[in-house]
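Right, one structure below, let's go through it.
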Amino acid sequence: MRRLNLVFVAVAGLLAAAPALADITVISHYTLMNGDTLTRASYYTSKQIRTTLPNGMELIYDQAMRTTAIIDHQNRRYWQGPRQVADSIASAIRAERSAALQGTVTPEYRTAIYTALSDSVRQEQTGEDRKIAGYPCNEYVLTAGSYLRQERWVARSLSMPNFGPEVEKVVLATVVDPVGRGLMKLVLQARRVNGLTLAGMIRYRTPTQDGTMSWEALKVSSAKLPPATWSVPADYQRWDPRERR
C-alpha cells in the first residue's frame, strides 16, 4: 500500500481558531499521495465545511445538524449520518484497508518511533511570506525528525471556525498506519494558527509507507453558498462500510 491514509489536507487547511466572517470557496489544485492530480473546490461557513482529503475522498461536516458525510468518488459511493456514528464509520473504512499492514509494525518498533517523535518535534514561523490567490500568506513549518515535514502558507485575513474537536476523532479513525496516527496527532496540534491554509506540502515516512502531497489555492471567493453545496452526489450509492466487516 503506497497511499498514506492520513487526512492531512482536511485538518491542516480547515481547522483554525477564529470565527468565520463570510462564506468562503477555495478552488485548489491538489497532488495526492498516490500521484494523482485534481482541481476541486472546498467550502467553508461558520457552521459547515466541505473539503478534499489526500486520498481523493471528500468530507462534509455540518455543525448545526451534527452530521458528517464521507464521499468516495473513486467508487461513486457515500456515507452520511449523525456525527456520533461517524467515528465507527471511519474505523470501518480503516479496517477495509488495514490487512496489508498486519504484522509490519512491531510494538517495540512503534514505541521507538513514538519516542523519537516526542524528542524531535519542531514548529516555527519561518518569516517567509508570499501572495496566494491574491491573499498575503505567512509560512509555518512543522517537522518531526526525518518522519514528517509539513509546510503551510496561512492567510491570516481569512478567519475560519474551530471545527477541530468535532472532526478530530473521525480524522484519526481513518488513518490505517499506527505510526501514521501519531504523525496525524502532530498535525492536529499544529493547526492552532488563526487563518486559512491556502497552500502546503506534506512529506512523511513511516515503517510501511512514504510519500509527498501538496496543494495550492487558485481562486478564493466570498460569494454566498447555495444549500446544494452540502449535498452528496445524487447518482452515488449510499454505503455503510460497517456491513462489510
- request: Determine, for TYR78, TYR204, TYR236, the number of other Cβ atoms within 10 Å of each Cβ, and report the residues in order from fewest to most.
  value: TYR236, TYR78, TYR204
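If we count other beta carbons within 10 Å of each Cβ, what is the order of ASP72, ASP235, ASP210, fewest first?
On the way: ASP72 18, ASP235 6, ASP210 13.
Listing ASP72, ASP235, ASP210 from fewest to most nearby Cβ atoms yields ASP235, ASP210, ASP72.
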query: Separation between the GLN63 and THR39 pseudo-spin-labels, each 7 Å from Cα along Cα→Cβ, expressed in nm?
result: 3.1
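Throughout, read-outs are computed from the coordinates displayed, never taken from laboratory work. Just so we're clear, the structure is a prediction, and the values are computed from it rather than from any experiment. Here the Cβ is made from the backbone with ideal geometry for all residues, glycine too, and neighbour counts use every protein chain on show.
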